[in-house]
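The values are calculated or read from the model by the stated rules, or taken from the named source; none is laboratory data. What you see is a predicted model, and the numbers here were worked out from it, not measured in a lab. With ideal geometry, Cβ positions are generated from the backbone for all residues, glycine too; neighbour counts draw on all protein chains shown. SASA here: full protein model, heavy atoms, side chains in, ligands and nucleic acids out. Shrake-Rupley method; radii C 1.70, N 1.55, O 1.52, S 1.80 Å.
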Amino acid sequence: MSGRHDKEKGVNVQVLLRCRPFSDDELRNNAPQVLTCNDLQREVAVSQNIAGKHIDRVFTFDKVFGPSAQQKDLYDQAVVPIVNEVLEGFNCTIFAYGQTGTGKTYTMEGECRRSKGGPSGGLPAEAGVIPRAVKQIFDTLEGQQAEYSVKVTFLELYNEEITDLLAPEDISRVATEDKQKKPLPLMEDGKGGVLVRGLEEEIVTSANEIFTLLERGSSKRRTAETFLNKQSSRSHSLFSITIHIKEATPEGEELIKCGKLNLVDLAGSENISRSGARDGRAREAGEINKSLLTLGRVISALVEHLGHIPYRDSKLTRLLRDSLGGRTKTCIIATVSPAVHCLEETLSTLDYAHRAKHIRNKPEVNQKMMKSTLIKDLYGEIERLKAEVYASREKNGAMAEQIEQMGGQIENYQKQLEEMQDKYTGQVRECSDLTSRLDVTEKNLSQTSKILASTNEELKKSQYAMKEKDFIISEQKKAENVLVQQACILQSSLEKATKDNASLHQKIGREDKLSADNRKVVDNYQVELSEQISNMFSKVASCMSQQNAHLQGVNKLSQSRLEAHNKAILEMKKKVRASRDLYSSHLEAVQNVVRLHKANSNACLEEVSALTTSSASSIDEFLASGDGTTSSLFDELQNALTSHQGEMALFARELRQKFHTTMEKTQEMSEYTSTFFQKLMQESKNAENRAAEANDSQISSIIDFQKTYEAQSKSDSEKLIADLTNLVSSHIRRQHELVDSRLHNFKDAVSSNKSFLDEHVSAVNNLTNDAKRKWETFSMQAENDAREGADFSAAKHCRMELLLQQSVGHAESAFKHCKLTHESLKEMNSKQVADVSSLVNSACDNNEQHDAEVDSARTAAEKDVTKNSDEIIQQIDRMSEDEKASVSQILENVKTHGKTLESFQQDHCCQTRCIEDKAQETFQQRYMEYEPTGTTPSRSEPEVPSKATIESLRAMPMETLLEEFRENNSYDSFASKESKPQQLTRSPLSQVN
Ligand code: ADP
Ligand code: MG
């Protein structure tokens, strides 16, 4: 099914349509059919005339199952391949989508409970997808004889809360009903998916167990008995089967293949479409079915390829994210009803399902897991569960008591139950009576429903009118609020204005007081002014007399001052002349002193030059005396050195000669000894040779004697054989033996002699060789020593000679240096003498020059002094004249001042009189006082309403008004009034008009 190219492009979501058969009720009511299914063409046609409008639409799906299709047909055709893929390791999801009552639950779960235990232990015909899938899975796995595990979870999602439908029946269930359906949190699993924390995973070991599980789950799904089973229609249920299959690779590794099948029974689709129509309940419905709405939005986003897919907006889409555009294979079974009263929903379901066909998923086989990693994961899981168990155990301790209590309660309940059962049987009987009554009632009902329809219409109208009124009231309320606000603003501004008014009146009072005070001040001031003016008069008169006296004093003072000045000038002139004479006499004395100094310095200089010449001659003498001694000393030194040198050379020569003689003697000695040794060796060799020769001759003579003796004895024996046979032969043998032994002894003695001699010679030889070698080494040593001694003395001699030479050189250079010093000393001496005499000469010249300069300076100074004193006297004369002139000026000024004083006095009189007149005029005639006109308003306090009174003017709140209305007009009395329609329709605004 899944080609390789599918992986890149993706696989469309498979969409099936199932139409349920008419229900018994619908058949009874003869409901018209609007839907026709063509299973083979995979088409569904909808056709209906509504209000003259003909609706005719055809939809095509991946598969279509008409009303006659059985559970088995749907399963075999649509679900078997999906389950096979799950067994291959894919994740697959099957959604059931449709209006409530169209068979979603029937399709997914079936009605197996009722007909439990189908024919031959197989599944009942009514069994839905879930039990069939479980059975197929077990059959396949058992057929493969593989090791496997099957786990299922079953959860319900209602109002965005997840409840575990397989949670064990714990004690908490007894405590409160709410706790039983404790919501479970949805969490990120860290691998990009989500998991439901604390969700029970039930391990299933055989297909039969599935029915108990389904029953357990479904019983927890609270189904209300209202006309549409409320919660089940609004809740989603998710049944998941997870399969782990063990596989062995050819390498012997154990791998775990994993596949998951999600079976989703969605909430009734009518919940979304209806929510658009009714306002009030829409919000509630939206909240409850946020998941369904989000599913629709997710599908739209996927179909329209929008960038953002709002998976995270609801729990359902978070849980099934992978099934929508992810790696899961997805199939949607849309369920519809064929009846006309469901047409609207049917069309919307068909549109929805048709759109969902365009979603593309990219199915991928789950990665096979190593057994070890799986085990590791499981250990982690076990740890987590352990922690949970510990936590719950702690809780359990507390609950044990509760359990006991509850045990008692249970007994009570059981008793009650028995009673109830009795009652129930009674009730059942009543029920049969009631059914007969019900038929009657049903007829009534049809009539009533007609009435109800008309009433509904009226209700709608009145609701509309109510809405209108509500609107108007709210508007008026707003207006009222605005008015009260405005009134409050006005009130506050009025309060402010009264306050302002009061403060203005206060200000006027203050001003009145001020002007009265002012009047008094002015009166006082007038009196004081005239007093002060008369005071001033008298003061001016006294001042005038004082001034005149002062002027006369000035006159006298200037006269006396002039006289004193003249006297002082005469005295000053005298003093100037005397000082000029004193100055010239001082100058003469100075010149005399200078002359005395000059004579003294000249004498000194002459003495200095004499001293220098004498010292120079003494130095010369000293040097001359020193010269002779130094040269003689140096000569002696030189001589001593040369004599040393000669002796040295002589000594060295003698030493060398002595060495030579010893050397020669040693050589002679050694030669002599070596020849001696050679001779000795020669002698020893000769001795050796001679001994060898003697030995050889002796041996040969013995051998000759032996031979001759043997020949003689042979011939003798041959001669005597005849005569002397036996006797003689014995005698001969004896004699023979004797000779032999004798000869033998002799031979031995000779050879021993020889060996002794040989040994002796060789010992002598060794000895001489040793002595010779020793001597040679000794002579060599002696020779070397002698040579070394000669070389050493020669080297020493050379060194001493060199040293002597050096000291001779030193003596010579010292002599030269001495001479040089003498010469430079002489030179310096003569130079110094010359310098001193030139210095003395120049000093004498300077003295002369100074003398002349002092002379000329004296005459110039005398001239300047006479000139200056003349000038001073002239200046004094001029000053006294100026003084006279200024004194006469002062006198004149005093005169004019007296005149101005007189005129000032007259002016002052006029002025004061004038001021007096003016003041009189101002204060008596011009200064005016305020006269009241009577037009200023008198102080008043208007009445300002308080805020509370303004607020009290508001209309009473709606509830109190309503209560008031209800008290005054009872509902019963209203029924009669209702016949006056004008009163009801009157708009609240008409009151204003
Ligand atoms: P929903 O899934 O909307 O809650 P149900 O599965 O509860 O609807 O079905 C409502 C009723 O219709 C049930 O009594 C069920 O037996 C019946 N029904 C639904 N589909 C079929 C069908 N294909 N064949 C027979 N009966 C059906
Ligand atoms: Mg249902």
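Do any residues in the range 255-271 that are outside any strand (DSSP E or B) and within 11 Å of ligand 2 (Cβ to nearest atom) have Cβ atoms under 9 Å from those of residues that are open to solvent by less than 10 Å² (accessible area, probe 1.4 Å) and of a type in the set (F, W, Y), where the two are at least six apart or on different chains, and which pairs are they?
Here the result reads L266/F95; L266/Y97, each pair linking the range 255-271 to a residue that is open to solvent by less than 10 Å² (accessible area, probe 1.4 Å) and of a type in the set (F, W, Y).
Kindly establish whether S493 is under 30 Å from P945 (Cβ atoms), of a type in the set (S, T, N, Q), free of Cβ contacts under 8 Å to residues at least 12 places away in the same chain and surrounded by fewer than 11 Cβ atoms within 10 Å (Cβ to Cβ).
Judged against the criteria, S493 is a match.
Residues are listed down the side, and each one gets a yes or a no for (1) open to solvent by 60 Å² or more (accessible area, probe 1.4 Å); (2) basic (K, R); (3) assigned to a helix (DSSP H, G or I); (4) touching a strand residue (DSSP E or B) at 6+ places or on another chain (Cβ under 9 Å):
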residue: F676; (1), (2), (3), (4): yes, no, yes, no
residue: R690; (1), (2), (3), (4): yes, yes, yes, no
residue: A694; (1), (2), (3), (4): no, no, yes, no
residue: D704; (1), (2), (3), (4): yes, no, yes, no
residue: E710; (1), (2), (3), (4): yes, no, yes, no
residue: K714; (1), (2), (3), (4): yes, yes, yes, no
residue: S717; (1), (2), (3), (4): no, no, yes, no
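Filter the range 63-99 for residues that are open to solvent by 50 Å² or more (accessible area, probe 1.4 Å), outside any helix (DSSP H, G or I) and more than 16 Å from ligand 1 (Cβ to nearest atom) and give the result.
Passing the criteria: only E88.
List the number of the failed condition for P185; all other conditions in (1) modelled with pLDDT of 85 or more; (2) more than 44 Å from the chain's Cα centre (by Cα); (3) not basic (K, R) hold.
The number of the failed condition is (2).
Look at A649 and say whether it is more than 27 Å from D785 (Cα to Cα), in a helix (DSSP H, G or I) and of a type in the set (A, V, I, L, M, F, W, C).
Here the answer is no, as A649 does not meet what is asked.
List every residue pair whose Cβ atoms lie under 7 Å apart, where the two residues are 6 or more positions apart in sequence or sit on different chains, the first residue falls within the range 216-242 and is open to solvent by less than 20 Å² (accessible area, probe 1.4 Å) and in a helix (DSSP H, G or I), and the second residue, located anywhere, is aromatic (F, W, Y) and at pLDDT 65 or above.
That search, which allows pairs on different chains as well, returns G217/F154; Q231/Y158.
Quick one: count up the residues across the range 43-61 that are modelled with pLDDT of 85 or more and crowded, with 16+ Cβ neighbours inside 10 Å.
Selection size over the range 43-61: 4.
Got a number for residues in the range 630-643 being open to solvent by 70 Å² or more (accessible area, probe 1.4 Å) and out of contact with any helix residue (DSSP H, G or I) (no Cβ under 6 Å at 6 or more places or on another chain)?
Qualifying residue count for the region: 5.
Please give the number of the condition S149 fails out of (1) within 27 Å of V80 (Cα to Cα); (2) modelled with pLDDT of 85 or more; (3) open to solvent by less than 20 Å² (accessible area, probe 1.4 Å).
Going through (1) within 27 Å of V80 (Cα to Cα); (2) modelled with pLDDT of 85 or more; (3) open to solvent by less than 20 Å² (accessible area, probe 1.4 Å) one by one, S149 breaks only (3).
Tell me which of these R355 doesn't satisfy, since it passes every other one: (1) touching a residue at least 24 places away in the same chain (Cβ under 8 Å); (2) open to solvent by less than 70 Å² (accessible area, probe 1.4 Å); (3) more than 42 Å from the chain's Cα centre (by Cα).
Going through the list (1) touching a residue at least 24 places away in the same chain (Cβ under 8 Å); (2) open to solvent by less than 70 Å² (accessible area, probe 1.4 Å); (3) more than 42 Å from the chain's Cα centre (by Cα), R355 breaks only (2).
Can you list residue pairs whose Cβ atoms sit under 7 Å apart, with the first residue in the range 358-381 being on the phi < 0 side of the Ramachandran plot and of a type in the set (V, I, T) and the second being open to solvent by less than 60 Å² (accessible area, probe 1.4 Å) and assigned to a helix (DSSP H, G or I)? Count only pairs 6 or more apart in sequence or on different chains.
Once the first residue is on the phi < 0 side of the Ramachandran plot and of a type in the set (V, I, T) and sits in the range 358-381, its partners that are open to solvent by less than 60 Å² (accessible area, probe 1.4 Å) and assigned to a helix (DSSP H, G or I) give I359/I299; I359/L302; I359/V303.
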